[in-house]
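The values are calculated or read from the model by the stated rules, or taken from the named source; none is laboratory data. Computed from a predicted structure; not experimentally measured. As a convention, Cβ positions derive from the backbone with ideal geometry for all residues, glycine included, and neighbour counts pool all protein chains shown.
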Amino acid sequence: MKALLDTSVIVAAQLPAHPDYATASSWLAGAKRKAYQLFVSAHSLAEVYAVLTRLRAKPKIKGPTAWKLLEENVLSVATVIELSGDQYKQLLSQAASSGIVGGATYDAVIAKAAEVAQVDHLVTLNESDFRRVNPAMAGRVVSPHALAPPHPPS
């Protein structure tokens, strides 16, 4: 199975106090056990870093710590999907004609990365947002609560 984790799942998996931590971290643990192929949008890497370093957490998560979390928990097990310049142009043209504006644009970027990677599942805590911004991916958008990560092959 191939899955791309959205920013929301990756952030939740880094924060033990987050209400979705157990579920989200099980997805990263599954990737570490090679139970499935993990993909992540290059955009999500920047988004996760930004979210972690601006949280009002105690103690504050500083840049080096956020980077270490990304490096150890995500980059060590995921394939990073980057969009080309032409893919960004096409994406933004479609967003403009579909009425996608504001922060939903970032969801569209991540959904496009999932489409490019041809994943079976785009795992997110924001299902409705992703279905709206990329109807072609709607059937593959799932909550980490609705689908458990697979077990490694025996």
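Brief remarks follow.
- Members of segment 33-61 found to be over 19 Å from Leu83 (Cα atoms), of a type in the set (A, V, I, L, M) and not in a helix (DSSP H, G or I), listed by number: Ala35, Leu55, Ala57, Ile61
- Test: residue in segment 60-72 that is over 19 Å from Pro149 (Cα atoms), surrounded by fewer than 17 Cβ atoms within 10 Å (Cβ to Cβ) and modelled with pLDDT under 95: yes
- Given (1) surrounded by 15 or more Cβ atoms within 10 Å (Cβ to Cβ); (2) without any contact (Cβ under 8 Å) to a residue 12 or more places away in the chain, index of the condition Ala46 fails: (1)
- For segment 62-88, filtering for residues that are outside any loop (DSSP other than H, G, I, E, B), closer than 23 Å to Ala17 by Cα and not acidic (Asp, Glu) leaves 11.
- Residues in segment 117-145 that are farther than 22 Å from Ala42 by Cβ and of a type in the set (A, V, I, L, M, F, W, C): Ala138 only.
Rundown of residues vs (1) hydrophobic (A, V, I, L, M, F, W, C); (2) buried (at least 19 other Cβ atoms within 10 Å of the Cβ); (3) assigned to a helix (DSSP H, G or I), yes/no style:
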| site | (1), (2), (3) |
| --- | --- |
| Gln94 | no, no, yes |
| Gly102 | no, no, no |
| Val119 | yes, yes, no |
| Pro144 | no, yes, no |
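- Members of segment 111-141 found to be touching a residue at least 24 places away in the same chain (Cβ under 8 Å) and among the basic types (Lys, Arg), listed by number: Lys112, Arg132, Arg140
- Any hit, segment 75-88, residues being among the aliphatic types (A, V, I, L, M), in contact (Cβ under 8 Å) with a residue 12 or more places away in the chain, surrounded by fewer than 18 Cβ atoms within 10 Å (Cβ to Cβ) and over 22 Å from Ala50 (Cα atoms): no
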